[in-house]
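Bear in mind these aren't lab numbers, they're just calculated from the coordinates by the rules spelled out. For clarity, every value in this text was computed on a predicted model and none was experimentally measured. Cβ placement follows ideal geometry from the backbone for every residue including glycine, while neighbour counts extend to all protein chains displayed.
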Amino acid sequence: MTDAERENWLCNLQETATIVARQTSRETVYNVLSRYGATSIEKLNPGDYSDVFSDLYAIEAASKD
């Protein structure tokens, strides 16, 4: 993964996490991160970016209903 790809993932993850935190709670975001052994987005394993994004996005989409 290039530095640019990593930065793009981090930006998208942070944006989605912010939306989820507003729609539900910060605790929801922390719960998702903890399932992947991280305490923050910056501490995620890059190999987990896609899965975490999918989890957060699913919560975001479900919270819109």
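Rounded to the nearest 20 debye, the dipole magnitude of the chain is 220 debye, with +1 charges on Lys and Arg beta carbons, -1 on Asp and Glu beta carbons, and the Cα centre as origin. Quick one: angle between helix 3-23 and the longest Cα principal axis of the chain, in degrees between 0 and 90, rounded to 10, please. With rounding to tens, the tilt is 10 degrees.
Helical content of the chain, expressed as a calculated mean residue ellipticity at 222 nm, amounts to -24000 deg cm²/dmol (DSSP H runs of 4 or more residues, -39,500 (n - 2.57) each, divided by residue number, nearest 500). Per-peptide packing, taken as the mean over residues of other Cβ atoms within 10 Å, places 27-34, 5-12 in the sequence 27-34, 5-12 from highest down.
Below 8 Å between Cα atoms, with a sequence gap of 6+, how large is the relative contact order for the chain in percent? It comes to 37 percent, rounded to a whole number. Computing Rg and the Kirkwood Rh from the Cα coordinates of the chain gives a ratio, Rg/Rh, of 0.96.
Listed values for the stretch 32-48 are Karplus-derived 3J(HN,Hα) couplings in whole Hz (6.51 cos²θ - 1.76 cosθ + 1.60, θ = phi - 60°), namely 4, 4, 5, 4, 10, x, 10, 9, 7, 4, 5, 9, 5, 6, x, x, 9, and x replaces Gly and Pro.
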